[in-house]
1. Could you grab me the full set of residues in segment 111-125 that are surrounded by 16 or more Cβ atoms within 10 Å (Cβ to Cβ) and more than 15 Å from S205 (Cβ to Cβ)?
2. If I ask for residues that are touching a helix residue (DSSP H, G or I) at 6+ places or on another chain (Cβ under 7 Å), touching a residue at least 60 places away in the same chain (Cβ under 8 Å), β-branched (V, I, T) and in a helix (DSSP H, G or I), which ones from segment 85-138 would you list?
3. Out of all the residues in segment 31-60, which are outside any helix (DSSP H, G or I) and either crowded, with 16+ Cβ neighbours inside 10 Å or touching a helix residue (DSSP H, G or I) at 6+ places or on another chain (Cβ under 8 Å) (or both)?
4. So which of L204, L173 ends up being in contact (Cβ under 8 Å) with a residue 24 or more places away in the chain, among the hydrophobic types (A, V, I, L, M, F, W, C), in contact with a Phe, Trp or Tyr (Cβ under 9 Å, 6 or more places away or on another chain) and under 19 Å from Y120 (Cα atoms)?
5. Only residues that are surrounded by fewer than 18 Cβ atoms within 10 Å (Cβ to Cβ), closer than 21 Å to Q181 by Cα and basic (K, R): list them for segment 204-248, please.
6. Return the total of residues in segment 160-200 being touching a strand residue (DSSP E or B) at 6+ places or on another chain (Cβ under 6 Å), within 26 Å of E97 (Cα to Cα), aliphatic (A, V, I, L, M) and not in a strand (DSSP E or B).
7. For segment 75-91, indicate whether the set of residues that are β-branched (V, I, T), under 15 Å from the mean Cα position of the chain (by Cα) and within 18 Å of A44 (Cβ to Cβ) is non-empty.
8. Tell me whether segment 74-92 contains one or more residues that are more than 19 Å from A37 (Cβ to Cβ) and surrounded by 22 or more Cβ atoms within 10 Å (Cβ to Cβ).
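The values are calculated or read from the model by the stated rules, or taken from the named source; none is laboratory data. If you're wondering where the values come from, they're calculated on a predicted model, not measured in any experiment. Counting neighbours? That spans all protein chains shown, and the Cβs are built from the backbone with ideal geometry, glycine included.
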Amino acid sequence: MTIDNDDDLMHLKSIGRIVFETLLLMKKSLKPGMSTAELDGIGARNLARYGARSAPILMYDFPGHTCISINDEAAHGIPSGRKIEPGDVVNIDVSAELNGYFGDTGATFTVPPVDPRIEYLCQITRKSLAAAMATARAGAKINQIGRAIEKVAINAGFSTIRDLGSHGIGRSLHEDPHFIQNFYDKSDTRTLSEGQVITIEPFLSTSADSTVTAEDGWALLTGHGTRSAQYEHTMVITRGKPLVLTAL
């Protein structure tokens, strides 16, 4: 969507703050021995406290309030009785709706002890998000987002997951532009406009460049032994730096 008035911005800031707060609460609660269902329950209760509705449930009938993906799951992991263990790489993605507006955020966390290369992967993925946001200006080509992400990833020896990407958001969880690549596509001539609401969410991997769907029909896997990281913000495009909505 494109913001039309102050009321739009107020509602988007509200749901953005709620999903980001929920993500931070789940991060604080994350510990070895707890199940991903227990962690999801913490997120669910915080969303309910504000009257917000889980976007994955609302939009896709997803079997969980949040997506919790572990190790070779890049995205859309289903909360379950699976226990979180030392050494795990855990991605939490929180999206929700309130008063007809949507917010979306995510981050990857490690459970010590973790291979230093995985910690580096997380660091580089955060760096790629910052680089992509620095290109996101009104009038800029959308493909510059993917170009920035890909450059940071390649320079660090990592790959981008090419079948996952960022997207428009606002009145629905996924809106136009429906797929913003994590790599440079010179044929993509779309441009960003002032007031446009999008997410930027780089997906980087130790070696994989695509995913396959797990037998459960939801989780997206990068392959045995691979690891990935994702960080995500919802933001409003301006003539200067983007206005980040997923913040406290």
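1. Hits for segment 111-125 are V111, V114.
2. Passing the criteria: only I124.
3. A52, R53, S54
4. L204
5. Matches in segment 204-248: K241 only.
6. Within segment 160-200, residues that are touching a strand residue (DSSP E or B) at 6+ places or on another chain (Cβ under 6 Å), within 26 Å of E97 (Cα to Cα), aliphatic (A, V, I, L, M) and not in a strand (DSSP E or B) number 3.
7. Taking every residue of segment 75-91 in turn, at least one turns out to be β-branched (V, I, T), under 15 Å from the mean Cα position of the chain (by Cα) and within 18 Å of A44 (Cβ to Cβ).
8. Yes, because at least one residue in segment 74-92 is more than 19 Å from A37 (Cβ to Cβ) and surrounded by 22 or more Cβ atoms within 10 Å (Cβ to Cβ).
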